[in-house]
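Contents: one structure, followed by commentary.
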Amino acid sequence: QVQLVESGGGLVQPGGSLRLSCAASGSIFIIYTMGWYRQAPGKQRELVATISSDGVTNYADSVKGRSTISRDNAKNTIYLEMNSLKPEDTAVYYCKFYIRAYLGATPGDYWGQGTQVTVSS
């Protein structure tokens with residue numbers, strides 16, 4: 001079993017900053033790509049940012065230049081720092097890891113439970 005737990009969401013004023021964390025635990029042999037996604041009310045879930053096992057990052061245009069994704073492989077954890085937050089950043093943020101649970105297993109996607117981020121004055 002693999003579990004992903006997010007933290008760091010909450011209410012933030014426009015122009016503010018936040019840092020989200022997502023830690024994986026359980027049966028983990030290797031973690032490949034890690035990423036953050038978000039889903040606003042009435043909208044489809046969308047990619048925010050990803051980071052590969054060798055540190056290559058990718059950002060959605062909507063957050064590029066004001067967000068930084070990073071990973072700590074020793075802690076099986078990723079982070080998302082977002083600055084200059086806007087009301088349109090309001091969403092539930094999910095982390096997703098592509099994990100091989102044990103040697104010989106087929107890798108698969110694992111999702112966190114989501115954390116609410118609300119940007120409002």
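Under a straight-distance cross-link criterion of Cα-Cα below 23 Å, which lysines are reachable from K64, leaving out those fewer than 8 residues away in the same chain? In chain and number order, the partners are K43, K86, K96. Using just the C-alpha positions of segment 10-78 as equal point scatterers, what log10 of I(q)/I(0) does the Debye formula give at each q in 0.21, 0.29 1/Å? Listed by q, the Debye log ratios stand at -1.03, -1.40. Taking a sphere under 14 Å around the Cβ of I99 and counting the other residues whose Cβ falls inside, with K and R at +1 and D and E at -1, yields a net charge of +2.
Taking the 1.4 Å solvent-accessible surface of the chain as the whole, the part contributed by carbon and sulfur is 48%. Put simply, the convex hull of the Cα atoms in segment 81-120 casts, on average, a shadow of 3.7 nm². Across the chain the C-alpha pair distances fall into 5 Å bins from zero in the proportions 2, 12, 23, 24, 18, 11, 6, 3, 1, 0, 0 percent. Ligands, DNA and RNA are left out, and with a 1.4 angstrom probe the accessible area of segment 17-121 is 51 Å² per residue.
The values are calculated or read from the model by the stated rules, or taken from the named source; none is laboratory data. These figures come from a predicted structure and were not determined experimentally. Ideal geometry is used to build each Cβ from the backbone, glycine not excepted, and the neighbour counts take in all protein chains shown. Heavy atoms of the whole protein, side chains included, go into the accessibility calculation; ligands, DNA and RNA do not. Shrake-Rupley method; radii C 1.70, N 1.55, O 1.52, S 1.80 Å.
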